[in-house]
């Protein structure tokens, strides 16, 4: 049964049975004081609100039988998946850059088993929920995400996470290129940078790559579907 999700630039008809929530990089690195973004001088104060809205989104999805899938960014201690001398990733990815510039941080940022790598407590996955580790900004690069979504018949992706302008937007663009219908949940995201960066990402999504909605709008649409069912 299709439902109409309020969204920009126009409402979008979605089928809950063919929809999934993607929570992108909701890790201490990006959402907590003392994490990677905080150490890099980026204000993480807005992350609390984004995490709270992501929790609302995830709980509403679970109640509606919509799967919640987690993407997390990280590397093994030897950084063997980070990219070698021919890769631009170590020159641009923030954790790798900081660990190179500040040797005392090596093994502490986005490293498997570290506090920085962990998903924030407020969004702890359920035991049966998928957690997919990636080593690039996009969740589709070098991961089984596409195969897992197609195997479940998923076509619509409700996307939340941090940073909206980096890993969320990268994954959303790749979803669009793979013929998924991506919806950015704007109040459940936070940019890696000043507020105008968020507006630029919203412009990109609404104009070129997908749709934008809110956690409340998703919750209300799913609740209305439940009442009509």
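General observations
- One residue from 67, 46, 103, 77 being farther than 22 Å from residue 133 by Cα, surrounded by fewer than 21 Cβ atoms within 10 Å (Cβ to Cβ) and in contact with a strand residue (DSSP E or B) (Cβ under 9 Å, 6 or more places away or on another chain): 46
- Flag if residue 142 is surrounded by fewer than 20 Cβ atoms within 10 Å (Cβ to Cβ), at pLDDT below 95 and more than 14 Å from residue 20 (Cβ to Cβ): no
- Qualifying residue in the range 23-38 (condition: crowded, with 23+ Cβ neighbours inside 10 Å, part of a strand (DSSP E or B) and touching a helix residue (DSSP H, G or I) at 6+ places or on another chain (Cβ under 7 Å)): yes
- Test result for residue 120, out of contact with any helix residue (DSSP H, G or I) (no Cβ under 8 Å at 6 or more places or on another chain), surrounded by 17 or more Cβ atoms within 10 Å (Cβ to Cβ) and either touching a residue at least 40 places away in the same chain (Cβ under 8 Å) or within 25 Å of residue 8 (Cβ to Cβ) (or both): no
- Helices (runs of 4 or more DSSP H) wholly inside the range 160-229 containing at least 3 residues that are touching a strand residue (DSSP E or B) at 6+ places or on another chain (Cβ under 7 Å), in contact (Cβ under 8 Å) with a residue 40 or more places away in the chain and surrounded by 20 or more Cβ atoms within 10 Å (Cβ to Cβ): 215-228
To keep it simple, each residue is scored yes or no on (1) within 14 Å of the chain's Cα centre (by Cα); (2) under 17 Å from residue 69 (Cα atoms).
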{"position": "158", "(1), (2)": "yes, yes"}
{"position": "163", "(1), (2)": "yes, yes"}
{"position": "176", "(1), (2)": "no, no"}
{"position": "184", "(1), (2)": "yes, yes"}
{"position": "191", "(1), (2)": "yes, no"}
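The values are calculated or read from the model by the stated rules, or taken from the named source; none is laboratory data. Not measured: the values here are computed from a predicted model. FYI the Cβ positions are ideal-geometry reconstructions off the backbone, even for glycines, and counts take in every protein chain you see.
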